[in-house]
Every structure is written in structure tokens, then in C-alpha cells.
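The values are calculated or read from the model by the stated rules, or taken from the named source; none is laboratory data. This is a predicted model, so every value here is computed, not measured. Please note: Cβ atoms are built from the backbone with ideal geometry, for glycine as well, and neighbour counts cover all protein chains shown. Each accessible area value is taken on the protein alone, full model and side chains, heavy atoms only, with ligands, DNA and RNA left out. Shrake-Rupley method; radii C 1.70, N 1.55, O 1.52, S 1.80 Å.
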Amino acid sequence: CSGSAVNDTTRELGGTLGVAIVGSVFASAYGAAVADAMARIGLPQSVVDAAGESMAAGLTVAASLPADVAGRVVSVAQDAFIDGLSAGSLVAAGVAAAGAVVAALYLPARQSRMRQDPESTAALDADAADSAERSSSPVSA
């Protein structure tokens, strides 16, 4: 039971840290992309700050702007969202790749049945057949 608890704890902790780290990377990339692009449009800093909070905030800001500027702000928010999502996904992929490398290097290897000694494989097959035969035969009283 304690092995299961440790497994659950590490899974929960890993999931929580993963969301926090990838979310932070995403938010940083989104905010930076929005700030850069909207500064080039010439919007006031208060509008840039509000739009940089989230994509929903960016779209809300766009709705309050004149139509010619609003379309550009929506485009900026959408592009920044994709930039942030890409950055977060790259971080997640990097962590997954690092985990795969660590697992490949440090987890113990198991021999496949084909690579084992043929005599021991035959004995295992015979034992398995005997067990299957015993479990499928009806029990007599």
C-alpha cells in the first residue's frame, strides 16, 4: 500500500509542478509578445498592460477599441496566444524527453523471453500450461 501512496504522491506533485511551470512559461511568453506587438501599434501603456493579462483580457480590450485598431489587437492576442502555447509545449516536450533519457539510462533493464535461456523458457511455458489446465478444470467434490 505504501508503494501506491508514493506513486500517487509523485504523480500528483509532478502534475501540479508541470501545470505551474508550463503555465508560467506560457504566461510570460504571451505577455511579452502582446507588449511588444501592441507597443508597435502605439496603444497606451494601460491598454497594453490590460491586454497582456490573458487572451480573454486582450479580446475584451479589443472590443472597446475602434474597429480599425480592434482587428489588429485581436490578431496580436491570437498570435501571442500561439507563441505562449508553443513555448509552454516546448518546455513540456523537453522535460518529457529528459525523463525518457533518465529512464533509459538508469532504470533496470529486463530480458525479453526470447533472449532468455531456451531451456528455462520451455520450463516456464510448461508451468504456465499446467497452471492454465488446473484453473480451467472443474473442481470435483
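Counting Lys and Arg as +1 and Asp and Glu as -1 over every other residue whose Cβ lies under 15 Å from the Cβ of Ala32, the net charge comes to -4. When both the range 56-76 and the range 8-38 are represented by their alpha-carbon centers, they are found 24 Å apart. Taking a ≥ b ≥ c as the square roots of the eigenvalues of the alpha carbon gyration tensor, the range 1-108 is prolate, as a/c is not under 1.5 and a/b beats b/c. A Förster radius of 25 Å, combined with the Cβ-Cβ distance separating Leu13 from Leu105, puts the computed FRET efficiency at roughly 0.65. Ile82 sits with roughly 90 Å² accessible to a 1.4 Å probe, with DNA, RNA and ligands left out of the calculation. Under the definition of Cα pairs under 8 Å and six or more residues apart, what whole-number percent is the relative contact order of the range 13-58? Reported relative contact order: 32 percent. Roughly speaking, to the nearest percent, how much of the range 29-103's 1.4 Å accessible area is carbon and sulfur? On the range 29-103, the fraction of accessible area on carbon and sulfur atoms equals 66 percent.
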